[in-house]
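> Take this structure first; my questions come after.
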Amino acid sequence: MRLSSIILRSSVLFASSLFAQDLPKASISNVVIPKMVLYGLEMPLDVTLQWNTQQTTNLTYRVLEGWPIEQASIINEGTLSPHDGKQIQLKGKYNQGQAVTAYSLEGINLSSKVSRSVHLQLIQEGLENPVISSYSATVHGMPGWVTLIPVIIMVTMCILSDQALFALIIGVFCASWFLNGFNPVTGLLRMLDTYIVGALADSDHAKLALFLFYLSGLIAMVQKSGGAHAVAEKITSLATNRYRGQLATFGVGLAIFLDDTASCMVVGANMQPISDKVLISREKLSFIVHATSACVSSVIPISSWVGFQLALVGSQLSNLNITDVDPFMLLLESLQSRYYPIVYIFFCGLTIFARREFGSMLVAERRSHFEGKVVEGDEGSLPNQVDPLDPHPDTPLRWWNGAIPIGLTIVITIVSLFLTGYYALLDQYNAGEEVVFNVANIAGAGSPYDSLLYAAFIGDLSCLFLYKVQKIMTVTESVAILVYGIKDVVSTLLILIMAWSIGTAFDDLSCAKFLSSLLSSNLPPQLLPALSFVLGAIISFVTGTSWGTMTILFPLIVPLAYSTAKDDHALFVLTVSSVLAGPLFGDVSSPISANTILTSLSCKVSVQHHVNSQLAYSLLVLLTSLVLGYLPVGYKLYPQWAGLLICCAFVTIVLVIFGGSPASKKLTLSDWIMTRLGFKVAEIKDIDEISRSQEMSNEFKEIDTSRGPEVHKTK
């Protein structure tokens, strides 16, 4: 029995060795092929092969086009090596005696057809059937200009409807429709089950969604506890005159940086009664409140904005297969060239410290100073509305109820970023890689998604504990407020989901590739930051949404910047900065912006007066950021940080030359220019005429008293 089993086993081994010579060397494991290829552009094709580890010779591959396959023509062929691959070789993964290797095939040009069948074959010579593995797919095609149609439709719908979310949904549908052979039913189904579901399935996207939920709930609990109001009152306790009142408002706006919407409502509502007492015009109050809301939140690395920005940047880096750039570190690197929001904040503070204004703001401040009218007419008398997040009248206002949760969130974010980075580098070190443990590398290797998630959740727990111990709110009440706060971020999350979806859809549509091929020979890469900045400013002003504008521009501009300036990292960072900065113009200047309306409501000033009074300031910073920032820095006339200093210096000079003191009746250069351009500065003239008439009246009274009653006799 034992002898027969030995003979049988030996026979099997002998037969296996004979047939091993004819076993296939490799098989196709996975193929990544685009759904659509533009006419005249190469088709990228990524293939993953499973190699028999005992084989060392090369294999032939063929790419064919046509149907049936017997009549297909060869459009590309070459060899693949099991050792080094043609372009890209991933780390070998051994599974059942096979190594997995990835390749990127180039030089594949398809015919200009709406639909064509493409086949990939692996050839092993010497076999009766030399095709050892194959893969077939249908690839659609279209002219490059057609890819712009979904973009145009999306932007048009955004402008006409004033609804960024609706426009984004239309954009994703159009892209999916075009990608699926112009079949609207298939396009709708793929939009729902591929692009939207794919956006939700990403773990980083899920972490960001939870972060937004937790942070929004934290802000709501801090407001309801009275902590936010107490922080505002603490800072405003020294607001005893116009200068200190403006300075206090500026300080409170900088302090409440976690969320721009909360900043608009909390700062405006708390500072408006105080500013009225010290005769600060409602126009100037709303300018300070608005300038320290979105502009501040957009450049603070720990805010509701950073999650949104991180999602946009990370999505594009992933789509472009950029693995050596961390999205959070890219955001930090772009701060030095976020010219518009930073210069706008600087200019706001400058008008306070210099005590100078110009244009319509000077008119409003003079009216308040000389006439005691903080608002023009009754337009600012908006009805008082009860906010469910306002603290109960019996709630004690304690500043630490706002400072501790916010401060803890900031600290946990920083600590978590370094801890996750340290352990990530430690894993690389244990795997045998060379690792340098320094601050930059540790921070760069950290997980911003995890850090934000941990910090916001711990911040929520601290609120529950603090308010329960002080008997301000029960745990049940705190959770109810947390859930109520989450509703404010639902629309933001929907926009985020559509942003992720449209990024993938536009990438599949190859829109950026067409723009790159079109503009690479016509548009100097140095102009791309300036162009992106202008587009962002225009779209955001028309639509009134900064986040929606960034969502629209990121899938278009960032891939274009990467393709045209792939070897120029500084220019790539500058372009990303311009896309992040330009939409802030619409946020602070557009009359249909949500923050504009909320600021006007909380400061009790009409939207028209708020927009008109600060428009000159917004345009000044816009033009300065463009002409002295993105244009010269794009051409490398000076570094990015120098551009920021030059922009700040220029707006300072403009304020000194054109500005005037609200306490002075002297005609300024800006008054003269406004008069020449046809703008009315009647308020200033009226003040002078009133003053002159009062002086003349006093003189006549003195004369009448000295001459006696006969002066009043008639002839």
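> Would you please list the contacts, defined by Cβ atoms under 8 Å and residues six or more apart or on different chains, that run from a residue in segment 481-499 that is more than 18 Å from residue 154 (Cα to Cα) to a residue that is outside any helix (DSSP H, G or I)?
The qualifying pairs are 481/389; 481/473; 484/388; 484/389; 485/389.
> Out of contact with any helix residue (DSSP H, G or I) (no Cβ under 9 Å at 6 or more places or on another chain) and more than 30 Å from residue 478 (Cβ to Cβ), is that true of residue 133?
Yes; evaluated as a whole, the condition is true for this residue.
> Within the set of pairs 6+ apart or on separate chains, which have a first residue in segment 146-157 that is without any contact (Cβ under 8 Å) to a residue 12 or more places away in the chain, a second that is surrounded by 15 or more Cβ atoms within 10 Å (Cβ to Cβ), and C-beta atoms under 9 Å apart?
156/167
> Considering every residue within segment 526-543, establish whether at least one is small (Gly, Ala, Ser), part of a helix (DSSP H, G or I) and over 16 Å from the mean Cα position of the chain (by Cα).
As a first pass, look at segment 526-543 and keep what is small (Gly, Ala, Ser): 530, 532, 536-537, 540.
The next check asks that each one be part of a helix (DSSP H, G or I); those that pass are 530, 532, 536-537, 540.
The next check asks that each one be over 16 Å from the mean Cα position of the chain (by Cα); those that pass are 530.
The answer is yes, given that some residue of segment 526-543 is small (Gly, Ala, Ser), part of a helix (DSSP H, G or I) and over 16 Å from the mean Cα position of the chain (by Cα).
> Could you check, for segment 606-617, whether at least one of its residues is among the polar types (S, T, N, Q), assigned by TED's automatic domain parsing to the domain that holds residue 593 and at pLDDT below 85?
Yes, segment 606-617 contains a residue that is among the polar types (S, T, N, Q), assigned by TED's automatic domain parsing to the domain that holds residue 593 and at pLDDT below 85.
> If you don't mind, another one. Taking the options 175, 220, name whichever one is assigned to a helix (DSSP H, G or I), touching an Asp or Glu at 6+ places or on another chain (Cβ under 8 Å) and closer than 30 Å to residue 397 by Cβ.
220
> Tell me, yes or no, whether segment 461-470 has at least one residue that is over 19 Å from residue 214 (Cβ atoms), modelled with pLDDT under 80 and more than 25 Å from the chain's Cα centre (by Cα).
No, segment 461-470 contains no residue that is over 19 Å from residue 214 (Cβ atoms), modelled with pLDDT under 80 and more than 25 Å from the chain's Cα centre (by Cα).
> Out of curiosity, is residue 223 modelled with pLDDT under 90 and surrounded by fewer than 21 Cβ atoms within 10 Å (Cβ to Cβ)? Lay out the reasoning, then the answer.
Numbers: modelled with pLDDT under 90: yes; surrounded by fewer than 21 Cβ atoms within 10 Å (Cβ to Cβ): no.
Considered against the rule, which asks whether it is modelled with pLDDT under 90 and surrounded by fewer than 21 Cβ atoms within 10 Å (Cβ to Cβ), residue 223 comes out as no.
> Please count how many residues of segment 265-323 are in a loop (DSSP other than H, G, I, E, B) and out of contact with any helix residue (DSSP H, G or I) (no Cβ under 9 Å at 6 or more places or on another chain). Even if it seems obvious, please write down each step before you answer.
Initial filter on segment 265-323 (in a loop (DSSP other than H, G, I, E, B)): 278-281, 292-293, 300-303, 320-323.
Narrowing the set further to residues that are out of contact with any helix residue (DSSP H, G or I) (no Cβ under 9 Å at 6 or more places or on another chain) leaves 321.
Counting residues in segment 265-323 that are in a loop (DSSP other than H, G, I, E, B) and out of contact with any helix residue (DSSP H, G or I) (no Cβ under 9 Å at 6 or more places or on another chain) gives 1.
The values are calculated or read from the model by the stated rules, or taken from the named source; none is laboratory data. Not measured: the values here are computed from a predicted model. FYI the Cβ positions are ideal-geometry reconstructions off the backbone, even for glycines, and counts take in every protein chain you see.
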